[in-house]
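Take this structure first; my questions come after.
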Amino acid sequence: MSKKTVYDANSISILEGLEAVRKRPGMYIGSVSTKGLNHLIYEIVDNSVDEFLAGYCDQITVTLKDDGTAVISDNGRGIPVGINDKTGLPAVEVVFTVLHAGGKFGDGSYKISGGLHGVGASVVNALSTWLEVTIKQDGVIYRQRYERGKVVNPLEKVGTCKKSETGTMVQFLPDPEIFDKTYFKAAMVRNRLHETAYLNPKLQINYINERKGEETTVLYHEPDGIRAYVRKLNEGKQALHEPVYFKNHSSGIEVEVAFQYTEDFGENILGFCNNIYTIEGGTHITGFKTKFTTVMNQYARELGILKEKDSNFTGTDVRNGMTAVISVKHPDPRFEGQTKTKLDNPDANKVVAEITGDETVLYFDKNLDALKKVISCAEKSAKIRKAEEKAKTNLLVKQKLSIDSNGKLANCESRKSEDCEIFIVEGDSAGGSAKTARNRKTQAILPIRGKILNVEKATMDKVLANAEIKTMINAFNCGFSEGYGNDFDIAKLRYHKIVIMTDADVDGAHIATLLLTFFYRFMPELITHGHVYLATPPLYKAIPKKGEGEYLYDDAALERYRGKHKGTFTLQRYKGLGEMDADQLWETTLDPETRTLQQIEIEDARMASDVTSMLMGSDVPPRRKFIYENAGEADLDI
């Protein structure tokens, strides 16, 4: 491996201190849920990947230990152990105890880097009960231990090794004072590691799970890179051609793209910058989409598929059926957006567009059959879109009043979206109670009749024709998908909270799942921006002979009540929301002071897409396999 730059104690630059991390962990890792917990592993892994990108590492091992710790090791250069001139401390201690300290802020130590902009190691340390770092460098093994971000003992030599053996090993135990749960979700970790292997074809990542009952060892190595990733994303679908792949660079930016079309309707485009998944897209995705649409329209006219009088295909038409992975390596990425994962560099747009234009023409000039199949997907999309316009059945245009055609929506009085919330309620009976119980100033009620359409199995024309779906789109006031009369715009959202309120039974769970599938597929920003919630109505009310009654939200709460309550009591079981009167519904489910809402978040967007397709799609065998493998985790209401 090449040795091009000096990486020593003085490569570590310091920007600021570490004080606020434990007080406000969400600012640094997103949340203190399982998503944030797993993020600790990703931060250390990303540091090792940076060593790989710099040309000094090709092996990373991630181990989940039975004692609850995680261990991440690599065969890179090892974090410098010499004294940093600015602090008088060992450089490794600076990396783990000072926020924004690392080789990524100097000039030349890392030309390309990912991670949380260099705060990773120190944040992981601050949010761990304890952390130990072991470094092999120059034939010596060094170790230092920290507890809740503070140094326990000075950096010490603990052994010797061959001079050729170098690298860093980090072991840490997440702090239960910080996190809701401290048990790493193995499936999420594995998925992220596999994704990293796809994005870095020469890197080998070993995953080892030593936890009791979960013992697993897997090697992730994907020599075909993102081509293999696209094939994986399209598993179980009818592919129309082999994946198209190209890689090139310009102005110091490297661009790598793979895409493939299938018979499925819709698109699935994943963007990455320096191995960071850009869930909100950004300039690299915009550059690809814009140029690809231009090229396809040019081809459609050259082939006579679009006549002179015909309008161009829209971007949505052209990407109908596309699965794509777009990965850029940028020396100075800038991120914006709600989740800080939207690439903002204008030069990325220009370079990606330039390379996409050149490379797609080179490919399709030699592969006319593939070109015709891609254009046929655009024709199919355009046909549905034009039929909608011609039939005048598309109700997705902006209406003057925020009501649906049947007048079922009981809107709220306030026009300030940040104060408003809408409850999507199962059934007219519960809807009637909710309309009576609500705060009319800020709470809107939308009853829905029965189970809505399963959009995962439906064609676009059926989705657009569904009355319940059109009612929701009109009520939310922020449009729908792209290219169907009213493009989605999160800034126009009428309600800050969209609350799904269904019965606490199997049918209620099914309705909630259908609604979430619709939001995820056609309005994903509602979820990624934190606007979607599940209401949690109680299952029981325990009424003792003396004293106040108590609402119980699950069977575990009932068992706890029985254990602590000595006297007799009457137990009411609510089989549905309609069984509660308006006062009870307000007290348990609508009142912001007393209710409990579950915010819907996506821990892993790619995994969420796969699971949604598996559980809600038409392909039965994968769903059957999933049910068999996870039956033990199901909560049955029988």
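The values are calculated or read from the model by the stated rules, or taken from the named source; none is laboratory data. Because the structure is predicted, anything quoted here is derived from the model rather than measured. Ideal geometry is used to build each Cβ from the backbone, glycine not excepted, and the neighbour counts take in all protein chains shown. Protein only, heavy atoms only, side chains kept; ligands, DNA and RNA dropped before computing areas. Shrake-Rupley method; radii C 1.70, N 1.55, O 1.52, S 1.80 Å.
Evaluate the following for ILE498: is it in a strand (DSSP E or B) and open to solvent by 50 Å² or more (accessible area, probe 1.4 Å)?
No; evaluated as a whole, the condition is false for this residue.
When the residues of the range 355-367 are narrowed to those that are open to solvent by less than 80 Å² (accessible area, probe 1.4 Å) and of a type outside the set (Phe, Trp, Tyr), which ends up farthest from the chain's Cα centre (by Cα)?
My answer is ASN367.
May I ask you to say which residue of ILE29, ILE41 is buried (at least 17 other Cβ atoms within 10 Å of the Cβ), farther than 17 Å from GLN137 by Cβ and in contact with a His (Cβ under 8 Å, 6 or more places away or on another chain)?
ILE29
With (1) among the acidic types (Asp, Glu); (2) part of a helix (DSSP H, G or I); (3) open to solvent by 50 Å² or more (accessible area, probe 1.4 Å) as the list, and GLU308 as the residue in question, which single condition is left unmet?
The one condition GLU308 does not meet is (2).
Residue by residue, here is whether (1) farther than 26 Å from PHE96 by Cβ; (2) touching a helix residue (DSSP H, G or I) at 6+ places or on another chain (Cβ under 6 Å) holds:
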| position | (1), (2) |
| --- | --- |
| PRO154 | no, no |
| LYS157 | no, no |
| MET169 | no, no |
| GLU177 | no, no |
| TYR183 | no, no |
| ASN191 | yes, yes |
| GLU210 | no, no |
| GLU215 | yes, no |
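So THR294 fits all but one of (1) among the β-branched types (Val, Ile, Thr); (2) closer than 30 Å to GLU51 by Cα; (3) open to solvent by 20 Å² or more (accessible area, probe 1.4 Å); (4) modelled with pLDDT of 90 or more; what number is the exception?
(2)
Restricting to the range 135-153, name every residue that is free of Cβ contacts under 8 Å to residues at least 60 places away in the same chain and assigned to a strand (DSSP E or B).
Listed by number, the residues that qualify are ILE135, LYS136, VAL140, ILE141, ARG143, GLN144, ARG145, TYR146, GLU147, LYS150, VAL151.
With respect to LYS380, is the statement that it is part of a helix (DSSP H, G or I), modelled with pLDDT of 90 or more and open to solvent by 60 Å² or more (accessible area, probe 1.4 Å) true?
So LYS380 fails the test.
Could you say whether any residue in the range 133-143 is closer than 30 Å to VAL255 by Cβ and surrounded by 15 or more Cβ atoms within 10 Å (Cβ to Cβ)?
Within the range 133-143, none of the residues are closer than 30 Å to VAL255 by Cβ and surrounded by 15 or more Cβ atoms within 10 Å (Cβ to Cβ).
Now, a different point. Take the residues in the range 58-80 that are more than 15 Å from ARG190 (Cα to Cα), surrounded by fewer than 24 Cβ atoms within 10 Å (Cβ to Cβ) and of a type outside the set (S, T, N, Q), then tell me which one is nearest to the chain's Cα centre (by Cα).
So the residue we want is GLY68.
Still on this structure, please answer the following. Going by the conditions given, is HIS100 at pLDDT below 90, over 24 Å from the mean Cα position of the chain (by Cα) and at positive phi?
yes
Taking the range 455-486 as the search range and keeping residues that are outside any helix (DSSP H, G or I) and of a type in the set (D, E, K, R), which one is modelled with the lowest pLDDT?
Out of the qualifying residues, it is GLU482.
Among strands (runs of 3 or more DSSP E) lying entirely in the range 528-608, which contain 1 or more residues that are without any contact (Cβ under 8 Å) to a residue 60 or more places away in the chain?
By residue number, 540-544, 550-552, 569-573.
Moving on. Within the range 44-86, track down each residue that is among the polar types (S, T, N, Q) and either touching a His at 6+ places or on another chain (Cβ under 8 Å) or in a strand (DSSP E or B) (or both).
Correct list: GLN59, THR61, THR63, SER73.
Are any residues in the range 26-56 touching a Gly at 6+ places or on another chain (Cβ under 8 Å), within 24 Å of THR182 (Cα to Cα) and either modelled with pLDDT under 85 or among the charged types (D, E, K, R) (or both), and if so, which ones?
Scanning the range 26-56 gives GLY26, ILE29, GLY30, GLU43, ASP46.
Can you pull out every residue in the range 260-271 that is surrounded by fewer than 22 Cβ atoms within 10 Å (Cβ to Cβ) and in contact (Cβ under 8 Å) with a residue 60 or more places away in the chain?
Listed by number, the residues that qualify are THR262, PHE265, GLY266, ASN268.
Looking at ASP332, ASP347, which is the one that is part of a loop (DSSP other than H, G, I, E, B), open to solvent by 10 Å² or more (accessible area, probe 1.4 Å) and charged (D, E, K, R)?
Selected residue: ASP332, the only one of ASP332, ASP347 that is part of a loop (DSSP other than H, G, I, E, B), open to solvent by 10 Å² or more (accessible area, probe 1.4 Å) and charged (D, E, K, R).
Given the options VAL158, VAL218, name the one that is more than 30 Å from GLY271 (Cα to Cα), surrounded by fewer than 19 Cβ atoms within 10 Å (Cβ to Cβ) and of a type in the set (Val, Ile, Thr).
VAL158
Something else: Quick test for you: out of ILE448, ILE422, ILE452, pick the one residue that is closer than 30 Å to ASP264 by Cα, of a type in the set (Val, Ile, Thr) and at pLDDT 85 or above.
When all the criteria are applied, what remains is ILE448.
For VAL189, are the conditions met, namely being within 22 Å of the chain's Cα centre (by Cα), open to solvent by less than 40 Å² (accessible area, probe 1.4 Å) and within 17 Å of SER73 (Cα to Cα)?
Yes; evaluated as a whole, the condition is true for this residue.
Residues that are free of Cβ contacts under 8 Å to residues at least 40 places away in the same chain, buried (at least 17 other Cβ atoms within 10 Å of the Cβ) and closer than 30 Å to ASP583 by Cβ: does the range 472-481 have at least one?
No - not one qualifying residue is present in the range 472-481.
For the range 535-551, how many residues meet the condition of being of a type in the set (A, V, I, L, M), farther than 20 Å from SER417 by Cβ and open to solvent by less than 40 Å² (accessible area, probe 1.4 Å)?
2
How many residues does the range 410-426 contain that are open to solvent by 20 Å² or more (accessible area, probe 1.4 Å) and either among the β-branched types (Val, Ile, Thr) or under 19 Å from MET580 (Cβ atoms) (or both)?
Matching residues across the range 410-426 total 1.
Tally the residues that are open to solvent by 10 Å² or more (accessible area, probe 1.4 Å) and more than 22 Å from ASP347 (Cα to Cα), restricting the search to the range 235-259.
Count: 9.
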